[in-house]
Structures are given as C-alpha cells and as structure tokens.
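The values are calculated or read from the model by the stated rules, or taken from the named source; none is laboratory data. All of these numbers come straight from a predicted model, not from anything done at the bench. A quick note on method: Cβ atoms are made from the backbone with ideal geometry, for glycine too, and the neighbour counts reach across all protein chains shown.
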Amino acid sequence: MKVMIVVTHLLGTGHLSRALTLGRAFVQAGHEVLTVSGGMPAPQLDSSGMSLLGLPPLRSDGTNFTRLLTQSGEVADADYMSARSVALTKAVRSFSPDVLITELYPFGRRSLSAEFTAALDAARALPRPPVILGSVRDILAPPSKPSKAERTDQIISEHYDGVLVHSDQTVIPLEVSWPVSEQLQKRLHYTGFVAPGAPTAHPQRTGEGEILVSAGGGSVGQPIFQTAIEAARKMPNRRWRLLVGGQDAQARIRQLTPLVKDASVALEPVRPDFRQMLPIAAASVSMCGYNTALDILQTGTPSVFVPFDDGSEVEQTLRARTLAALPAIEVIPSQMLDAELLARAIESATSGPERTVPDRGFDGAAKTVEIAKTLLEGRI
C-alpha cells in the first residue's frame, strides 16, 4: 500500500509524534509512506523509513488556534495559506495514495479546513480514490457548540471511510470527550493505544536516579521548569534534569539558567533518547499529553503530572484524572503548582507502591495497519 499521513501540530509535537509512530508501523509492514507535516520542524522525532514532506510551517499563537503564525512569528496571510494548500494537493496527486490519513481533522484543526478540504477533494478525484481515514487520540477537545459536532459528522459522511480512535474503548471511549452520533458510531475503529515499543534502559545509563522534567516538544511549560528549579532546592539529595522543547529552547534555557544557582539541576534541550532515560529515572515531572502518558505507563516510572489547561484546554486534565487512580502517579492542577507541593508530590510518588507495567494494549499502530489494509481490500 501507498499510505499518506497529513498532520499539522500547532503547539506541542504530540500529533506529529503519533503520526510518525503510525508511519513507522506501516513501513515495518512493508508499505510505502509519505508523511506531510504542516507544523514547525521537529528533527528530534523519528521519521526513519518514510518520506517526509514539510509544508510552509505554522504554529499557533499560544493556545489561540485561530491565530496562526509563520516560523518567523508573523501572522500567516492568505498567500501563505494558499501556498500550503497548493503544496498539499500537489502531494496528493503526485503520490496517489491507496490510504490517506488525516490526523485530528475534522475533529479539530478547523482553521485549516480549506487545505484539508482541498486535499480530500484532490484525493477523491484520483483515478483510484484512496481509503480516507481520520485519526484521533483518546480524548478530544469537546466541541464548543452542537453545530461543530454536526459539521464534523457531515464532513465524515461526505469524505471519510472511517475514523481511527487510538484508544481502548473499555478504558476511554470517545464519548468521554465528544458527542458520538449514531452515524459517527458506525465509522469508528478503535485501535488501542498508539505507542512505540517499550523503551529499554539507556545504554549509557543517562538519567539514572534523576528527576526528569519535561513539557513536550513545544514552547510551553516554562512555569513547570521554574517551579522544578525551586523544588530542587528542597530536595538537595536528588539530581534534576530539565528538558526544554520548542524552536526557542536555547533562549528559554538562557532565561532559566540564572535561577539554578547552586541547585542540582541540569538544563538542556529535548533529546531523542528521552524515552530510554525514563525506565531508570527516579521520577518524571511532566504535562499529561497522550504520548507522554503512554511513555509513563510503559515504563512504570513514578510520575507527577501537571496537566496543560491554558485557555479552554481540558484534554490533559481528563486524562490525568483517569490515571490518578494508579499507584505512583500524582496530579497537580497547574493553578496550584508551587515548589513545596511539587516536592511533596514527588516524595509521595516515589515512596508508595510500585506500578505494574502492562504487557499489552499499546499496539494501536499495528492494529491501524490491519484496519487500513482490511478496508482497502474490501474496496478492491
């Protein structure tokens, strides 16, 4: 099969990371993959085995996902957006996929509906139209009004053969965050959770015994890093490593450096071997995005989650509440975050019962390949 995955990450890199995990699963199964990324470059992520096409990149203005900025920080104008749409439709026509997967759209990325619609129209106009699938995580941003859900149903009915839900229906059904109509229910395919294989311990033992603090690959999380530096002073027997993401990582590290002083804290940009550090870390402090949560579940690392909840974001809070019932996991709402509470939460997570690491339930990428293949074979 020729598989094309279209994804635009606007704040963190979670959407792109999940799309690339799917892409690698298709590659491993012997299929040709083109991933089209419309967000900021994220070279730390693994795109091995597939072709990667970058559109003129976009990012959101913080949590304002309707105000889209270019890599230089200027508002993306009509010409810029048109260039993206043209490049995307050209890619559809030249690659001529058997399977086309759109990450998040049409459940989100409504500000990019023009380019997604152009791509879908181009796909349907091909001599052999592809199987078209939506791809969504376990928890979505709930629609602000019923008309948005109704419009999503309409787009799916017109363009899509199915929707891949990267969750376990018995654990987190889509209904937790999205109104699932009878029409939509018929199109849903639950894949299980999408994660790379469980990481093995870092060969150089990097991160061993440390408290790892991360905030994804985007330019958010500065309050978490600042609080972690303060908390490090309250826990002088622990070594802390802060992994800062985003295109402006070096600038943010320079802002944080004067705060460190004599604290046992190392500051560095996000790194591709982060997952290998987790199994031997003393604890993890992070937000609660989809990929991070699965990393924590796969490694059993004691963890403190500070869910991202700026603006109207509720996804991470819903996920963190679900995980809070497990051993060695503590949750701190962002508005309550302070150094004393963070230090106590780390002590609680690391001193209680260990958490059992599940040995299954993370093969959603392989299941996605099976679903796509079955749907394509059913059409031929």
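Of all residues being among the β-branched types (Val, Ile, Thr) and touching an Asp or Glu at 6+ places or on another chain (Cβ under 6 Å) in the range 103-145, which is farthest from Thr35 (Cα to Cα)? Just the residue, please. Applying the filter and picking the extreme gives Ile139.
For Leu243, state whether it is buried (at least 18 other Cβ atoms within 10 Å of the Cβ), touching a strand residue (DSSP E or B) at 6+ places or on another chain (Cβ under 8 Å), not hydroxyl-bearing (Ser, Thr, Tyr) and not in a helix (DSSP H, G or I). Here the answer is yes, as Leu243 does meet what is asked.
Say whether the condition of being of a type outside the set (A, V, I, L, M) and at positive phi is met by at least one residue in the range 115-124. No, that holds for no residue.
Does Arg110 meet the test of being surrounded by fewer than 23 Cβ atoms within 10 Å (Cβ to Cβ) and either under 23 Å from Phe193 (Cβ atoms) or touching a strand residue (DSSP E or B) at 6+ places or on another chain (Cβ under 9 Å) (or both)? It is true that Arg110 is surrounded by fewer than 23 Cβ atoms within 10 Å (Cβ to Cβ) and either under 23 Å from Phe193 (Cβ atoms) or touching a strand residue (DSSP E or B) at 6+ places or on another chain (Cβ under 9 Å) (or both). Applying the criterion of being within 18 Å of His15 (Cβ to Cβ) and charged (D, E, K, R) to the residues of the range 134-150, the residue that is nearest to the chain's Cα centre (by Cα) is Arg137. You will find that of Thr152, Thr102, the residue that is in contact (Cβ under 8 Å) with a residue 24 or more places away in the chain and either surrounded by fewer than 22 Cβ atoms within 10 Å (Cβ to Cβ) or outside any strand (DSSP E or B) (or both) is Thr152 and no other. Selection of the range 209-240 for residues being part of a loop (DSSP other than H, G, I, E, B), under 22 Å from the mean Cα position of the chain (by Cα) and of a type in the set (Gly, Ala, Ser) yields Ala215, Gly216, Gly217, Gly218, Ser219, Gly221.
Listed by first and then second residue, the pairs linking a residue in the range 174-186 that is farther than 11 Å from Asp153 by Cβ to a residue that is in a helix (DSSP H, G or I), with Cβ atoms under 8 Å apart and 6 or more places separating them unless they lie on different chains, are Val176/Leu318; Ser177/Glu315; Ser177/Leu318. Yes or no: the range 279-290 includes at least one residue that is free of Cβ contacts under 8 Å to residues at least 40 places away in the same chain, at negative phi and not assigned by TED's automatic domain parsing to the domain that holds Thr13. No: zero hits. Scanning for something closer than 30 Å to Asp363 by Cβ and either touching a Phe, Trp or Tyr at 6+ places or on another chain (Cβ under 6 Å) or polar (S, T, N, Q) (or both), does the range 79-98 turn up at least one residue? Yes, the conditions are met somewhere in the range 79-98.
Checked against the criterion of being crowded, with 18+ Cβ neighbours inside 10 Å, closer than 18 Å to Gly289 by Cα and aromatic (Phe, Trp, Tyr), the range 90-98 has no qualifying residue.
Considering the range 203-222, and only residues there that are surrounded by fewer than 16 Cβ atoms within 10 Å (Cβ to Cβ) and at pLDDT 95 or above, the residue that is farthest from Ser17 (Cα to Cα) turns out to be Gly209.
Given the structure, is Leu16 more than 15 Å from Pro97 (Cα to Cα), touching a strand residue (DSSP E or B) at 6+ places or on another chain (Cβ under 8 Å) and either in contact (Cβ under 8 Å) with a residue 24 or more places away in the chain or not small (Gly, Ala, Ser) (or both)? Yes; evaluated as a whole, the condition is true for this residue.
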